[in-house]
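Student: Here it is, the structure, as structure tokens.
The values are calculated or read from the model by the stated rules, or taken from the named source; none is laboratory data. These numbers come from a predicted model, not from an experiment. As a convention, Cβ positions derive from the backbone with ideal geometry for all residues, glycine included, and neighbour counts pool all protein chains shown. For the accessible areas, the whole protein counts, side chains as well, though only heavy atoms, and no ligand, DNA or RNA atoms are used. Shrake-Rupley method; radii C 1.70, N 1.55, O 1.52, S 1.80 Å.
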Amino acid sequence: DYFLTRRRADSDFFMAIEISYPNSVDVMRARELDVEPGGYIMIHGQPDEPRQPVRYYDTYDWTDGCIAVSNTAMADIWQLTTLNTQITILP
């Protein structure tokens with residue numbers, strides 16, 4: 001479980017909302033595996049300046065850990081949530 005912690009209308013993507021990753025469980029799991037937990041995970045829309053054909057963004061995992069959605073879905077998420085909204089990410 002995570003929380004939405006920061007909104008960025010000025011990102012390289014159509015809107016972006018930061019997620020409170022890593023949480024204490026993620027940090028503990030990373031320590032046990034002797035890896036870095038990472039961070040700066042966002043929910044965002046499509047790139048403002050695409051470098052690939054549109055089909056690429058619908059077909060491949062191109063986000064390097066973020067959660068990408070369509071611009072329409074991102075606008076809905078932006079309007080329907082506030083900071084500190086709790087979310088659950090499932091594998």
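Student: Please go through region 6-28 and pick out each residue that is within 14 Å of I89 (Cβ to Cβ) and either touching a strand residue (DSSP E or B) at 6+ places or on another chain (Cβ under 6 Å) or outside any loop (DSSP other than H, G, I, E, B) (or both).
Tutor: Initially, region 6-28 is screened for residues within 14 Å of I89 (Cβ to Cβ), giving 17-23, 25-26.
Scanning region 6-28 gives I17, E18, I19, S20, Y21, V25, D26.
Student: If you don't mind, there's one more thing I want to ask. Would it be correct to say that T85 is in contact (Cβ under 8 Å) with a residue 60 or more places away in the chain, of a type in the set (S, T, Y) and surrounded by 10 or more Cβ atoms within 10 Å (Cβ to Cβ)? Give the derivation first.
Tutor: Working: in contact (Cβ under 8 Å) with a residue 60 or more places away in the chain: yes; of a type in the set (S, T, Y): yes; surrounded by 10 or more Cβ atoms within 10 Å (Cβ to Cβ): yes.
Yes.
Student: Looking at the structure I just gave you, is E36 under 18 Å from M74 (Cα atoms), open to solvent by 80 Å² or more (accessible area, probe 1.4 Å), out of contact with any Gly (no Cβ under 8 Å at 6 or more places or on another chain) and assigned to a loop (DSSP other than H, G, I, E, B)? It would help to see each step written out before you state the result.
Tutor: On the way: under 18 Å from M74 (Cα atoms): no; open to solvent by 80 Å² or more (accessible area, probe 1.4 Å): yes; out of contact with any Gly (no Cβ under 8 Å at 6 or more places or on another chain): yes; assigned to a loop (DSSP other than H, G, I, E, B): yes.
Considered against the rule, which asks whether it is under 18 Å from M74 (Cα atoms), open to solvent by 80 Å² or more (accessible area, probe 1.4 Å), out of contact with any Gly (no Cβ under 8 Å at 6 or more places or on another chain) and assigned to a loop (DSSP other than H, G, I, E, B), E36 comes out as no.
Student: How about region 41-82: which of its residues are exposed (fewer than 10 other Cβ atoms within 10 Å of the Cβ) and aromatic (F, W, Y)?
Tutor: Y60, the sole residue that qualifies.
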